[in-house]
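The structure appears right after this line, and notes come after that.
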């Protein structure tokens, strides 16, 4: 987990520099997510969101350009597999001046390039292979809108500002609520404390967005118990309770959902949540030696059911309505 570019937890980052290839891939995923995914409307009110769910002719035309062979029910682009594609990459790392330093694998000593020759293939349809992603089309869809990524470095990796009067922002809040780890550098992992009922500390900055993409998971997973602050970080004597990590995470999710319902206009704002990623700390999980990590591991894990023994899937498999 890399810290944010700024040590200020409330700072909003703009115009970060990403590789065009990375941006194209992530922008494509986000764009198709907006077109295909169910958002929090299924939690709050199907009726309130009915005006958003009905596809217009323009959206139908866009869908045809995104996926080929989809059915009337659409295509689940998130159900698929990685396939080898030797036509990739489109350029060499050193040819792009916009790649962030932490993403320059070759510069940092990686010698193999096999990881660059893969593309995503959904099971139920095909993404156009030899056609460049139409970034202009995506940005036209976002013209005049404000899109927010809120969370940790998982969401930071998907964010970049572009033209077309589309404001795309990233807000560092790894727990969504206020914590003593809002500065990603100046804290100890074992000392992390989250303040209960404090989502407005950061949430006041998210109001007015047209699209919000939340994520929070990994920073909670520091052990079997987590520290929750009752009161304020300014209190001379702090009331800190230890609860199970699962209960702490559920508290954070409830806070997010309540904040969304109270502050987001369902007729104006689309809200998404990015779930957890598989863990890859222990090489024994993919057939390696015990007590080893991912150092010098270069081959992709092809098991579609792989999550890693450190992943706590049940935290992201909660029934959203019961969490609410």
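Here are some notes:
- Failed condition for residue 76, given (1) within 28 Å of residue 298 (Cα to Cα); (2) modelled with pLDDT of 80 or more: (1)
- Selection count, the range 167-198, where residues are part of a loop (DSSP other than H, G, I, E, B) and closer than 18 Å to residue 254 by Cβ: 9
- From the options 300, 256, residue that is in a helix (DSSP H, G or I) and touching a strand residue (DSSP E or B) at 6+ places or on another chain (Cβ under 9 Å): 256
- Evaluation of residue 200 against (1) surrounded by 19 or more Cβ atoms within 10 Å (Cβ to Cβ); (2) out of contact with any helix residue (DSSP H, G or I) (no Cβ under 7 Å at 6 or more places or on another chain); (3) more than 19 Å from residue 274 (Cα to Cα) (one fails), failing number: (1)
- Qualifying residue in the range 245-268 (condition: touching a residue at least 60 places away in the same chain (Cβ under 8 Å), under 30 Å from residue 143 (Cα atoms) and loosely packed, with under 13 Cβ neighbours inside 10 Å): yes
The values are calculated or read from the model by the stated rules, or taken from the named source; none is laboratory data. Keep in mind it's a predicted model, so treat the numbers as computed, not measured. Cβ: placed from backbone, ideal geometry, glycine included. Neighbour counts: every protein chain shown.
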